[in-house]
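The values are calculated or read from the model by the stated rules, or taken from the named source; none is laboratory data. Quantities reported herein were computed from a predicted structural model and do not represent experimental measurements. Glycine also receives a Cβ, built like all others from the backbone with ideal geometry; neighbour counts cover every protein chain displayed.
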Amino acid sequence: MGRHAFRKTIGDVVGERPVPVVGPADPVVTAINVMRALSVHAVLVADRGTLVGIFTERDLLQRVAAEKRSVTGTFVSEVMTRLPVSLKRDACITYAINRMGLEGFSHVPMTGDDGEALGLVDVRDVVAHLDDVFETLDDDDESPIDPDWVDIGGG
């Protein structure tokens with residue numbers, strides 16, 4: 001893996017797993033069922049394939065449960081986060097890590113060139129990727145990190 005571990009794309013990390021997606025006119029219970037079926041913590045919201053929002057467990061807690069809204073009578077479009085920050089399939093995974101860190105996101109949607117909802121990168125993906133990266137640091141003779149660049153602390 002070596003230096004190439006740092007150049008993995010979001011598409012490489014996400015792979016070919018099913019896309020957790022619902023429509024804006026679906027009731028919240030549909031989003032919950034998709035999350036449960038795919039063991040994910042968020043779903044993409046797409047209108048005719050184009051990403052228009054994201055619905056997360058946080059949205060469920062703060063915008064549905066806390067407001068005592070019906071999961072069968074509330075549409076996803078009423079409680080989703082509209083037009084979320086997204087990244088293209090060929091973007092480097094480090095961009096997703098950066099966005100998550102700077103913006104406090106747990107999920108970053110992956111889209112195609114036309115805005116098509118293609119997948120979802122989450123914190124678990126990032127942790128698994130970083131685990132692979134650090135494992136290769138021990139295995140490789142040639143470190144992907146320039147030793148002159150490494151900050152060893154001290155302010």
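Details
- Here the condition is being among the charged types (D, E, K, R) and surrounded by 15 or more Cβ atoms within 10 Å (Cβ to Cβ); of Arg58, Arg82, Arg63, Arg48, it holds for Arg63 alone.
- The range 81-109 - residue that is in contact with a Lys or Arg (Cβ under 9 Å, 6 or more places away or on another chain) and hydrophobic (A, V, I, L, M, F, W, C) and, of those, nearest to Val133 (Cα to Cα): Ile93
- Considering residues of the range 1-19 that are assigned to a loop (DSSP other than H, G, I, E, B) and aliphatic (A, V, I, L, M) only, the residue modelled with the lowest pLDDT: Met1
- Enumeration of residues in the range 88-112 that are surrounded by fewer than 20 Cβ atoms within 10 Å (Cβ to Cβ), in contact with a strand residue (DSSP E or B) (Cβ under 7 Å, 6 or more places away or on another chain) and of a type outside the set (Phe, Trp, Tyr): Lys88, Arg89, Asp90, Ala91, Cys92, Arg99, Met100, Ser106, Gly112
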